[in-house]
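Structure in structure tokens, see below.
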Amino acid sequence: MISYLVILCIGIISAVFGSLVGLGGGVIIVPALIYLSPLLLDQEMSTSVAVGTSLTVLIFTAASSTFTFLKQGRVDYKSGILFFTTSGPAAMLGASLTSAFQGDSFKLAFGIFIFFMAILLILKKYLKPLSFRWKIQRSYIDPDGKRFTYGYNILPALLVGFAVGLVSGLFGIGGGSLFVPAMVLLFSFPPHVATATSMFVILFASILGSATHIYLGEIDWFSVMALAPGALFGGWLGAWIAGRMSSKLLLNILMVILLLISLRLIIEGMI
């Protein structure tokens, strides 16, 4: 019972942070499962199973967040479907490659990736969107009547979608950590539209990626059943926080957590 409650709390915390920045929460779930499973489950969990479990739970996180964002009218369906054209198949490819990275090699690669994401979060407020006029132009009017204009070309959008899907399936993190900055900096998406649309794409990409892990038998179903309720509630709570209050403090906490996790993974992966 205690193990279930601890894993449930992990699901809530990861989903809250994941919803705030479009990460999907896997950056917390995967390391937590790898390091805490001997204590909580009385057995070690392989990296591929941790990734598959995380990606399966992301379905619930993304579904909860997407439903909230849909009601807020923040999801750009047309752009999301375009991104998913390549992110969906790439998520399946990444999921099939996870088993090739085990033990130290996975920890090193995942640690470097998380470190990069933490640095990106730190530098995000200093980075400015490209002043480039893409062929396809989109617009969004927020509830206050303010109009935002953004755009993209088909090929760059498809390449971004592929990169997001590959990372999503490989590391089980959802891919929003790459998706949101790319959408904001490359294509000038309004941040709130980028986060919402990112979760929309993550929902469907995670379904395909987790289906691959299920086929390969890389799922711990007890952890899924414990994490999923927390992910549903945390996804809703994170989207609610993002829409109503400043998330600066929570983001600062997340950056510190990511740096600590990444450094531990990198050190262990190199030893």
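The values are calculated or read from the model by the stated rules, or taken from the named source; none is laboratory data. Small disclaimer: the values here were computed from a predicted structure and weren't measured. Please note: Cβ atoms are built from the backbone with ideal geometry, for glycine as well, and neighbour counts cover all protein chains shown. Surface areas here come from the heavy atoms of the whole protein model, side chains and all, with no ligands, DNA or RNA. Shrake-Rupley method; radii C 1.70, N 1.55, O 1.52, S 1.80 Å.
Exactly one of these conditions fails for Val51: (1) in contact (Cβ under 8 Å) with a residue 24 or more places away in the chain; (2) of a type outside the set (D, E, K, R); (3) open to solvent by 10 Å² or more (accessible area, probe 1.4 Å). Give me its number.
(3)
Any idea which of Phe106, Phe110, Phe115, Phe132 is more than 14 Å from Ser177 (Cβ to Cβ) and touching a helix residue (DSSP H, G or I) at 6+ places or on another chain (Cβ under 7 Å)?
So the residue among Phe106, Phe110, Phe115, Phe132 that is more than 14 Å from Ser177 (Cβ to Cβ) and touching a helix residue (DSSP H, G or I) at 6+ places or on another chain (Cβ under 7 Å) is Phe106.
Of all residues being of a type outside the set (A, V, I, L, M) and outside any helix (DSSP H, G or I) in the range 52-93, which is nearest to Phe179 (Cα to Cα)? Just the residue, please.
Asp76
Given the structure, is Ala15 within 11 Å of Ala231 (Cβ to Cβ), under 18 Å from the mean Cα position of the chain (by Cα), of a type in the set (A, V, I, L, M, F, W, C) and open to solvent by 10 Å² or more (accessible area, probe 1.4 Å)?
Answer is no for this residue.
Give the number of residues within the range 77-99 that are open to solvent by 10 Å² or more (accessible area, probe 1.4 Å) and either touching a residue at least 60 places away in the same chain (Cβ under 8 Å) or under 24 Å from Leu237 (Cβ atoms) (or both).
Result for the range 77-99: 12.
Same structure, new question: Counting only residues that are at pLDDT below 85 and closer than 18 Å to Leu170 by Cβ, which one in the range 23-46 is surrounded by the fewest Cβ atoms within 10 Å (Cβ to Cβ)?
Ile28
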